[in-house]
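Below is one structure, written out as structure tokens, with a few remarks after it.
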Amino acid sequence: MDCTAAGVAPRVDFALVGHPESWKAAADVFSALRGPDRIPLPDDELKDILPWIPPRAVCRVDVKSIADAEAHGLYIDSFIPPDRLDAACVRENLTRVRAAAAYAIKAGARIVSLGGFSSILIEGNFDQLPPRRSTIFTTGNTLTVAFIVQGIEKMCAQEGRSLRRSTLLVVGATGDVGSGCVRCLAPKVRRVLLHARNVERLRRLAAELEAEGVDVEIGTDLGSFSEEADVVVCAASLPSPSLLLGRVAPDALVCDAGYPKNLSPDAATSRATVFFGGLGQMTGGLKFDPDLQGILNRHPFPDVVHGCLLEGIALTLEGRFESFSRGRGAITPPHVMEIETIAARHGIVLAPFFNAAGPVTLQ
Amino acid sequence: METLMELKPPAECTSPTASIWQDVLAQAVTGELVAAMNYAALAEICDDPREAGEAREHAAIERAHAAAFMAAGRKIGVDVVSNVDGKHWKRLSGAFMGCVAERDTIGCLIVQEIMLESFALASYTRVANVAPGSLGKVFGAIAADEQEHADHAMAILKAERDANPDRFDDKLHRLHLEVMSTLAKMLAKDCRDGHCEVCVSSCVKPSLFEVSLSAAQLRGASLQQYLKTLDALGLPGEITLAWIAQLPV
Ligand SMILES: NC(=O)c1ccc[n+]([C@@H]2O[C@H](COP(=O)([O-])OP(=O)(O)OC[C@H]3O[C@@H](n4cnc5c(N)ncnc54)[C@H](OP(=O)(O)O)[C@@H]3O)[C@@H](O)[C@H]2O)c1
Ligand SMILES: [Fe+2]
Ligand SMILES: [Fe+2]
């Protein structure tokens, strides 16, 4: 990989903080680390060992931009056990995220992307992170929103759907990702349905949209909306894939942007088109050492990574070490346009479409 | 405040968990006696008389720990029988003596202070949290002692690694394969290689839940302590993660 002198710690420009999306995902990483000559760790052993592992780097990450820049980083796992993402474990998980952040700071990372639940646990309060002098943090959610929006638009175009005439449902609408998606997509659709549990926050977001002339309906019960949605974005912070969609058009377009996924395996409606959103692809070059390509990022296409993690990489390649996304629902269309332009300049583009069954082919 | 446990008459030897504590103590005493032997051997290869003196002092402290654990056993009415020739402990001390034979004081410190102490510190701390009365206190106090001398060794080891990280990490990995694999087997849920030769009758591990402990928890806490120590020395996390992932289960 790089020609660092023996014993000298290689340069770390960026760090990507993540957590295993499922026990299966964690098992795959451990099997790869054990190598082909050892039997894979039995599931019960993995569940006994993983929670004790202090947050640490899993691999080095080398990236290349199509604009000739390159950067070096670390993928740091907080090792939040995949079945302990729920509210009951918030304190323990926050401690893990802080330890992962401390690891990134110690490694000398200039920018750190807080992937998936890492930023949710921080709740936009970067003061909760360990003291640092030259490391900055981003939630990465602006690029996530960009890829969700691009995915919806591209899918509609490919399938000959009219986005303009559609009713959009956003699940987790008041969240950082959800509200960014709502702000970007609301002007492009006929009607918007906002869903989350807290009605006060729904009302506030609805008022903001109504002031812009958007036709909005809010609901804390997915079955209570007055009409069926034909385009759905799932961006709720669910600890496991448990979402059942309820009333949506039978041939709806559904983007599941959760990390872990939102949709329950039982949610599939036969004619709906479901795709995993918020994901991008590094076209310039992406290398892991140890080589966990396709294991750490277990997608049916190569070099695909979550948008939240790619944002830190894009900012590094651009030389813009700033907290581009700070959480708390502040993502607006101009921010989204800015980060997607930066990402595209370095060959970080929307990932090909796929879902749990594999690549999504045109209907 | 004295706990009920300490105020009870000697009848506590009939306590249904006494035999579990007896085996836990047997492992602890064995570990302390192995540590005492290790330090005594280390003293013999130290060129610097001051370091030799310190090693002898450590040997005495470890013997005192063993004595304190035996006394704690008597207090709850059990006889603690140790066995430094028990198969796992024999391999662990064998690894240390290999370093002694090579007059490798750094290797000795790696085995004793990074590996065996990680296990001692983590497991004593866990036991201290659940063991009743004076027994818990003894484990807690000895854990604090172990922490203190581990800190002292860390300064030496850190300086050694800083001088030549590659050489240090290679040596550490070689010793890891020998020592940590043995510790992992010792703490594995199932005793695949038969009896440990320290527990009095059948293996204590399946009964640990009766005193709110488990082999998995002791292994997890020990590995965590070990990884934290390696982090403090500056070893790359992605390397040490792979080492842990590759241990036998
Ligand atoms: N694909 C990617 O690259 C990527 C990147 C970043 C984040 N994500 C994922 O996107 C999701 C949202 O992240 P975020 O940062 O926006 O989180 P967030 O700011 O905490 O927002 C979560 C949203 O979900 C709602 N919610 C939570 N539980 C719900 C439930 N049971 N039913 C309905 N709504 C619920 C919340 O509102 P109430 O509390 O009022 O219900 C809120 O609107 C997470 O799964 C995250 O991991 C994916
Ligand atoms: Fe001791
Ligand atoms: Fe000791």
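Values quoted throughout were computed directly from the atomic coordinates according to the rules given, and no laboratory measurement underlies them. The model shown is predicted, which means the values in this text are computed figures rather than measured ones. Because the Cβ atoms are built from the backbone with ideal geometry, glycine has one as well, and the counts that use them run over all protein chains shown.
In terms of its C-alpha gyration tensor, region B:121-249 comes out oblate, because a/c is 1.5 or above while a/b does not outweigh b/c. Evaluated with a Cβ-only charge set (Lys, Arg +1; Asp, Glu -1), region B:83-245 carries a dipole of roughly 480 debye about its Cα centre, given to the nearest 20.
Which trypsin sites (Lys or Arg not before Pro) does region A:30-129 hold that lie in a coil by DSSP with at most 11 other beta carbons within 10 Å? Passing sites in region A:30-129 do not exist.
Put one equal scatterer on each alpha carbon of the protein assembly as shown, apply the Debye formula with no solvent term, and list log10 I(q)/I(0) at q = 0.07, 0.08, 0.09, 0.11 1/Å to two decimals. Debye intensities relative to I(0), on a log10 scale: -0.52, -0.66, -0.79, -1.02. Label reach from B:Asp79 (point 7 Å along Cα→C-beta): in region B:33-49, amide nitrogens under 20 Å belong to B:33. From the alpha carbon centroid of region A:290-351 to that of region B:175-230 is 43 Å.
When the Gaussian network model of chain A links Cα atoms closer than 10 Å, the mean-square fluctuations of A:Ala102, A:Ala88, A:Ala157 top out at A:Ala88. Suppose R0 equals 56 Å; then what is the FRET efficiency for A:Ser240 and B:Ala18 from their Cβ-Cβ distance, rounded to the nearest 0.05? So, using R0 = 56 Å, E works out to roughly 0.85.
Backbone amide hydrogens, once placed in the peptide plane, bring A:Val254 within less than 5 Å of A:Val232, A:Thr273, A:Val274, A:Phe275, excluding anything fewer than 5 places away on its chain. Label-to-label distance, A:Asp127 versus B:Asp162, with points set 7 angstrom from Cα along the beta-carbon direction: 3.5 nm. In percent, rounded to a whole number, the relative contact order of region A:145-279 is 24, using alpha-carbon pairs under 8 Å and six or more apart. Would you be so kind as to identify which of A:Ala25, A:Leu168, A:Ala357 lies farthest towards the positive end of the dipole of the protein assembly as shown, taking Lys and Arg as +1 and Asp and Glu as -1 on Cβ and the Cα centre as origin? Looking along the dipole axis, the top candidate is A:Leu168.
Largest GNM mean-square fluctuation across A:Cys181, A:Cys59, A:Cys234, computed for chain A with C-alpha springs under 10 Å, falls on A:Cys59.
Stretching the chain fully between A:Thr332 and A:Asp291 yields a gain of 11.1 nm (0.36 nm per residue, less the alpha carbon separation). Sequence-distant contacts, meaning Cα pairs under 8 Å at least 6 residues apart, place the relative contact order of chain B at 24 percent. Cross-link reach is defined here as a Cα-Cα straight distance under 14 Å, omitting same-chain residues fewer than 8 places apart; for B:Lys228 the aspartates and glutamates meeting it are B:Glu113, B:Glu117, B:Asp151, B:Glu238.
Computing FRET efficiency as 1/(1 + (r/R0)^6) for A:Glu322 and A:Arg190, where r is the C-beta to C-beta distance and R0 is 22 Å, gives about 0.05. When only the Cβ of Lys, Arg, Asp and Glu is charged (+1, +1, -1, -1), the dipole of region B:76-126 relative to its Cα centre reaches about 160 debye. Within chain B, the longest segment free of exposed loop sites, counting GluC sites (Glu not before Pro) that fall outside DSSP classes H, G, I, E and B and have at most 13 other Cβ atoms within 10 Å, spans B:3-101.
The slack in the chain from A:Arg298 to A:Ala207, taken as 0.36 nm per residue of separation less the alpha-carbon distance, amounts to 28.8 nm. Spin-label pair B:Met154-B:Asp170: with each label point 7 Å from Cα along the Cα-Cβ axis, the two points sit 2.7 nm from one another.
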